[in-house]
Amino acid sequence: EIEPVEKQEVEASNETLAFDTAILSFNSQDFESALDQFESFNKQYPQSMNVAESLYWLGQTNVELTNYKRAATAFLDSFSREPAGLLAWQSLLGLALSLGELGQMEQGCLTLQELISRFPDKVNKKRDELLLAKEQLKCSM
């Protein structure tokens, strides 16, 4: 059965509103609300084209709340959803840094190496960010 166009449009606008509301909460530094909103979005719209981005922002929200284990999981899920997506390299960077915060320096450094090998074009553009991450993780590469 084909859904009426109006119903599809309402669902799409609700999805967009839910995602935008979560982003607004994050940008307003209301991280507890953002956390709830991103988690709700991911449950309610698991097939959304914004899920990988939502998972990335869920990771960032958890970083802000110093919940690095949940941040690492969200960053990994974001990367796994879209390994070549726009936020894929940032998800790997977030994963590496979250692992470092959990004391898993070696895993963090390996993740950073993976980021560099998968996204060589980002190495020069984001050199300062990557050097800072290497320093934070005490990587020997």
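The values are calculated or read from the model by the stated rules, or taken from the named source; none is laboratory data. Because the structure is predicted, anything quoted here is derived from the model rather than measured. As a convention, Cβ positions derive from the backbone with ideal geometry for all residues, glycine included, and neighbour counts pool all protein chains shown. The area values use the complete protein model at the heavy-atom level, side chains included, leaving out ligands, DNA and RNA. Shrake-Rupley method; radii C 1.70, N 1.55, O 1.52, S 1.80 Å.
Relative to the longest principal axis of the Cα atoms of the chain, helix 51-64 runs at roughly 60 degrees.
The mean accessible area for residues of the range 1-127, using a 1.4 Å probe and ignoring ligands and nucleic acids, is 59 Å² per residue. Taking a sphere under 12 Å around the Cβ of VAL63 and counting the other residues whose Cβ falls inside, with K and R at +1 and D and E at -1, yields a net charge of 0.
Pairs of lysines 8 or more apart, or on different chains, with alpha carbons under 29 Å: count those in the chain, would you? For the chain, the number of qualifying lysine pairs is 13. So, counting K/R as plus one and D/E as minus one, what does the shell of residues with Cβ under 11 Å around ASP30 add up to? Net charge in that neighbourhood comes out at -3.
Of the solvent-accessible surface of the range 48-141, computed with a 1.4 Å probe over protein heavy atoms with every protein chain present, carbon and sulfur atoms account for 51 percent.
The simple spin-label model puts a point 7 Å past each Cα toward its Cβ; for ASP20 and GLU129 those points are separated by 2.5 nm. Helix content alone sets the calculated 222 nm mean residue ellipticity of the chain: runs of n ≥ 4 DSSP H residues at -39500 (n - 2.57) each, divided across all residues, give -25000 deg cm²/dmol.
The listed peptides 113-119, 42-48, 19-25, ordered by packing as a protection proxy, come out as 19-25, 113-119, 42-48 (highest mean of other Cβ atoms within 10 Å first).
Its Cα gyration tensor gives the chain an equivalent ellipsoid. The semi-axes, each the square root of 5 times an eigenvalue, are 31, 17, 12 Å from largest down.
Taken about its Cα centre, the chain carries a charge dipole of about 860 debye when Lys and Arg each add +1 at the Cβ and Asp and Glu each add -1 at the Cβ.
Each residue of the range 26-34 was assigned a 3J(HN,Hα) from its phi angle through the Karplus expression (A = 6.51, B = -1.76, C = 1.60, θ = phi - 60°), giving 4, 5, 8, 6, 9, 6, 5, 5, 4 Hz with x at Gly and Pro. At 37 °C and 0.692 mPa s, what whole-number value in µm²/s does Stokes-Einstein give for the translational diffusion of the range 84-141, with Rh from the Kirkwood sum over Cα pairs? This corresponds to a translational diffusion coefficient of 298 µm²/s.
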